């Protein structure tokens, strides 16, 4: 099942706004809002939208340079990217390299345990349902084909290989991350959404300090300082 975007309608989520530019492109505007625990915790942080937009642009450029097709077209301002209009899959594809977050509830392993190989998980994207974890059988019941699932998982693992090495060289551990996908008008499966501290876990390789939204979730310090430090290492 692929969710089609209605023409010229603005879509607003918890952290981003999708503004139609024309029939083939959107402006993706990053907001300063932060939410956690399915929206139960909320706050605003001046500069967060700018940081997420710039970090996402950098990540998309790196992936494009390594042969990963994405919806990224260009930067349209401080907190705005131009992206290709896609028909989105109602899935979140999560790749985990280190035990953290909800994985601690599913495996009898302590937080910080490095996995022998990455774990890939699928989640049905629906705020009202709490984005439940699903398997291939569930996804196929929603009309998503096995070949489509395999391709998304394959792309996600390739993204993991590229970004793990990139961050390792900068003293950062890529703990886990969420990806979303859509189909373009040519029928290709394309990487979409964002790649930022809102959708990934990043730890300092030595101290295990968080450079991601866990700083906000669990009151670990100043969120903007953490995001700025990650951006500094990328720059």
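Brief remarks follow.
- Test for residue 233: is it touching a strand residue (DSSP E or B) at 6+ places or on another chain (Cβ under 8 Å) and part of a strand (DSSP E or B): no
- Scanning segment 155-169 for residues that are more than 16 Å from the chain's Cα centre (by Cα) and either surrounded by fewer than 14 Cβ atoms within 10 Å (Cβ to Cβ) or not assigned by TED's automatic domain parsing to the domain that holds residue 91 (or both) yields 165, 168, 169.
- Residue pairs whose Cβ atoms lie under 8 Å apart, separated by 6 or more positions or on different chains, with the first residue in segment 32-60 and closer than 30 Å to residue 166 by Cβ and assigned by TED's automatic domain parsing to the domain that holds residue 164 and the second surrounded by 12 or more Cβ atoms within 10 Å (Cβ to Cβ) and at pLDDT 95 or above, do not occur.
- Single residue of segment 141-152 satisfying the filter (surrounded by 17 or more Cβ atoms within 10 Å (Cβ to Cβ) and out of contact with any helix residue (DSSP H, G or I) (no Cβ under 6 Å at 6 or more places or on another chain)) that is nearest to residue 124 (Cα to Cα): 144
- In this structure, residue 187 does satisfy being surrounded by fewer than 17 Cβ atoms within 10 Å (Cβ to Cβ), modelled with pLDDT of 95 or more and more than 13 Å from the chain's Cα centre (by Cα).
Let's see how each residue does on (1) within 25 Å of residue 89 (Cβ to Cβ); (2) out of contact with any strand residue (DSSP E or B) (no Cβ under 7 Å at 6 or more places or on another chain); (3) part of a loop (DSSP other than H, G, I, E, B):
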position: 170; (1), (2), (3): no, yes, yes
position: 174; (1), (2), (3): yes, no, no
position: 182; (1), (2), (3): yes, no, no
position: 185; (1), (2), (3): yes, yes, yes
position: 191; (1), (2), (3): yes, no, no
position: 196; (1), (2), (3): yes, yes, yes
position: 212; (1), (2), (3): yes, no, yes
position: 215; (1), (2), (3): no, yes, no
position: 221; (1), (2), (3): no, yes, yes
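- Any hit, segment 41-55, residues being within 22 Å of residue 179 (Cβ to Cβ) and not in a helix (DSSP H, G or I): no
- Residues satisfying the stated conditions in segment 116-134, i.e. outside any loop (DSSP other than H, G, I, E, B) and in contact with a strand residue (DSSP E or B) (Cβ under 6 Å, 6 or more places away or on another chain): 118, 119, 120, 121, 122, 123, 124, 133, 134
- Flag for residue 195 being in the same structural domain as residue 118 (by TED's automatic domain parsing), farther than 21 Å from residue 103 by Cβ and surrounded by 15 or more Cβ atoms within 10 Å (Cβ to Cβ): no
Yes/no per residue for (1) outside any strand (DSSP E or B); (2) surrounded by 12 or more Cβ atoms within 10 Å (Cβ to Cβ); (3) over 16 Å from the mean Cα position of the chain (by Cα); (4) at pLDDT below 95:
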position: 23; (1), (2), (3), (4): yes, no, yes, yes
position: 34; (1), (2), (3), (4): no, yes, no, no
position: 68; (1), (2), (3), (4): yes, yes, no, no
position: 73; (1), (2), (3), (4): no, yes, yes, no
position: 76; (1), (2), (3), (4): no, yes, yes, no
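- Test: residue in segment 44-53 that is at pLDDT 95 or above, in contact with a strand residue (DSSP E or B) (Cβ under 9 Å, 6 or more places away or on another chain) and more than 20 Å from residue 234 (Cβ to Cβ): yes
- Every condition in (1) assigned to a helix (DSSP H, G or I); (2) in contact with a strand residue (DSSP E or B) (Cβ under 7 Å, 6 or more places away or on another chain); (3) free of Cβ contacts under 8 Å to residues at least 40 places away in the same chain holds for residue 137 except the one numbered (2).
- In segment 144-159, the residues that are closer than 18 Å to residue 59 by Cβ form Cβ pairs under 8 Å with partners that are at pLDDT 95 or above and assigned to a helix (DSSP H, G or I), at six or more places apart or across chains, as follows: 159/63.
The values are calculated or read from the model by the stated rules, or taken from the named source; none is laboratory data. For clarity, every value in this text was computed on a predicted model and none was experimentally measured. All Cβ positions, glycine included, derive from the backbone under ideal geometry; neighbour counts span all protein chains shown.
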